[in-house]
Every structure is written in C-alpha cells, then in structure tokens.
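The values are calculated or read from the model by the stated rules, or taken from the named source; none is laboratory data. This structure is a prediction, so every number in the text was calculated from the model and none was measured. When we count neighbours, we look across all protein chains shown, and the Cβ atoms used for this are built from the backbone with ideal geometry, even at glycine. Areas reflect the complete protein model, heavy atoms only, side chains present, ligands, DNA and RNA absent. Shrake-Rupley method; radii C 1.70, N 1.55, O 1.52, S 1.80 Å.
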Amino acid sequence: MASLADLQSKVADIFSARWATRSGQVVPAPEDLRLGNDAVEFDRATVLYADLQGSTSMVDSEPWWRSAEIYKTFLHCAATIIRDEGGAITSYDGDRVMGIWVGKRQTTPAAIAGLKINFAVQHVINPALERQYPDTAREVKQVVGIDTSAIRATRTGVRGGNDIVWVGRAANYAAKLTTLNLEERTWVTEDAFKRLADEAKLGGPSKQFMWKKFRWSQQADLPIYGSTWWWRVS
C-alpha cells in the first residue's frame, strides 16, 4: 500500500529528474519508453479522435447490452478505418478512440479516415441497428476531431499499469474538437486543413468543396473547418 511519503517522494523525483529525449520515426509501444522522464519527440504528428456523441443519454435510456453493442460496433469501425488509412491506434477511452499519423503523409489520410468513419456510422452502423432493433429510435452519431503539431510521447503510470501519454497541442485540440455539437461530423484545425491534398478537400463528380470554415469560439476564435461529407468505404 502506498504511503503519503511514497507519493511525495515519487512526485518530487518526477519534477526534478532530467528528461532523456530522442527523435521518433514510428509510433512507439509502451515498452519502448522507460517509466522515468523519457520521451520520444516528433517534429509533427497528426492526431485523430473519434467520439460517440450522446453516449451518456444512451446508457441512461438503453439496455446495457444494446449500449455495449453500439460501443463495440463504433469502435471497431473507427479503429479499422484508422489502421486502413495508415494510422496507429494509441488508445481507447470509453466511447472514443485515438489514432495518430507520423511521417511525410499525415493529415490527408487522417481527414479521409474521418470522412470514412462518417460513412460507416451513417451507412453501416445505423442501418444495421435499425434492422436488428426496429423498435428503437436511437440514431448513432459521432464527432471526429483532427489536428497536427509537434508532439512528444512519454510513458506514464505505475509498474503493471501504465501506458503512453501524448503531450502536445494536436492531442488536446483533436479531443476538444469532438465536443462540438453541430451538423458537421468531421473537424480539422486550420493548420491541418492547410496540409490537406485536394483529394481530401474536393468531393463528388463535380469536385465540390467539402469543408466549411468556422471560428472556434471555445478556443479564442481559432479558424477551424467542418464537414458533413462522407467517403465511401469500398
């Protein structure tokens, strides 16, 4: 059992220890990092958070097993798409999943993944839910947030119970974007948007612009872009 002295000693050690850092080329596994002040640095990485919207009301009103099935189908589809688009799954947190892209091609596949997750929710999960449970009025909705920035990976926790934490703007902003409750299902910061290739900006036979510009009032009116479009999963 941990004592107050143990906690005080460990906290003091963490604050006083010097950091060992090194440049990263691939997403590290927890065992690639020491539990001490050890970090892998990336000049730039792109982070995607995919979050179920309205999950609190869902667990309050739906049978537990139906909520579990919605969680499982959403997280399976989102994680599969993230990996198919070259991202690495870095964490699951209740009703959301975090993916990260490093290397030369980052933001375009992340944005495509967000649009594909929208397709999966609208054209795979909701139709299957309605077929299985025609009595339910439940509609699954999601929000995806994407940002890109310099980022560091470090290992946190205790022996036998630890994981990687990602420290940098992209992880925080991507997560915060999923709290937006508008018609748009996929959100990217302006920094991420500027790095998108045309294939992730223009859609349909007539190459329509797929994004709408907003001011993020919760974050000092930063420019962000939202999309209602989906990208078909073949």
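Averaging Cα coordinates gives a centre for segment 1-42 and one for segment 161-212; these two points are 30 Å apart.
Among residues other than GLN219 whose Cβ falls under 13 Å from its Cβ, what is the net charge (Lys/Arg +1, Asp/Glu -1)? Please list the in-between numbers first.
Numbers: positive: ARG169, LYS176, ARG215; negative: ASP147, GLU190, ASP191, ASP221.
Here the count lands on -1.
Scanning residues 5 or more positions from LEU222 or on other chains, those with amide H under 5 Å from its amide H are TRP216, with H placed 1.01 Å from N in the peptide plane.
Roughly to the nearest percent, how much of the accessible area of the chain is carbon and sulfur, given a 1.4 Å probe? Please report the intermediate quantities before stating the final value.
Working: 6570 of 12890 Å².
The C+S portion of the solvent-accessible surface of the chain is 51 percent.
Per-residue 3J(HN,Hα) values for segment 69-81, derived from phi via the Karplus relation 6.51 cos²θ - 1.76 cosθ + 1.60 with θ = phi - 60°, read 5, 5, 3, 5, 5, 5, 5, 5, 5, 4, 5, 4, 5 Hz in sequence order (x marks Gly and Pro).
Here r is the Cβ-Cβ distance between LEU222 and ASP135 and R0 is 30 Å; the resulting FRET efficiency, rounded to 0.05, is 0.10.
Over segment 119-234, what lengths in whole Å, largest first, do the semi-axes of the equivalent ellipsoid take, defined as the square roots of 5 times the eigenvalues of the alpha-carbon gyration tensor? Don't jump to the answer; show the numbers that get you there.
Working: eigenvalues 155, 110, 41 Å².
Taking √(5λ) for each eigenvalue gives 28, 24, 14 Å, largest first.
Pair-distance distribution of the chain: all C-alpha pairs, bin width 10 Å, starting at 0; shares per bin in whole percent are 7, 30, 31, 21, 9, 2, 0.
Mind ordering 216-229, 198-211 by average Cβ neighbours within 10 Å, highest first?
Values: 216-229: 15.8, 198-211: 13.4.
Descending mean neighbour count gives 216-229, 198-211.
Classify segment 1-137: rounded, prolate or oblate, from the alpha-carbon gyration tensor (a ≥ b ≥ c, eigenvalue square roots; a/c under 1.5 rounded; otherwise prolate if a/b is larger than b/c)? It comes out oblate by the Cα gyration axes.
With contacts defined as alpha carbon pairs under 8 Å and 6 or more residues apart, what's the relative contact order of segment 90-223 in percent? Display every interim value, and only then the final one.
Numbers: 143 pairs, mean separation 30.1, N = 134.
With pairs under 8 Å counted, the relative contact order is 22 percent.
Entry note, the chain: the mean residue ellipticity at 222 nm calculated from DSSP H runs of n ≥ 4, each adding -39500 (n - 2.57), is -9500 deg cm²/dmol after division by the residues and rounding to the nearest 500. May I ask which of LYS116/LYS207; LYS176/LYS207; LYS116/LYS212; LYS116/LYS213 have a Cα-Cα span longer than 26 Å here? Long pairs (Cα-Cα over 26 Å): LYS176/LYS207. Packing here is the average count of other Cβ atoms within 10 Å per residue, and on that basis the peptides 177-187, 9-19, 38-48, highest first, run 38-48, 177-187, 9-19.
Quick one: accessible area per residue over the chain, 1.4 Å probe, rounded to a whole number of Å²?
Values: 12890 Å² over 234 residues.
So the chain comes to 55 Å² accessible per residue, rounded to a whole number.
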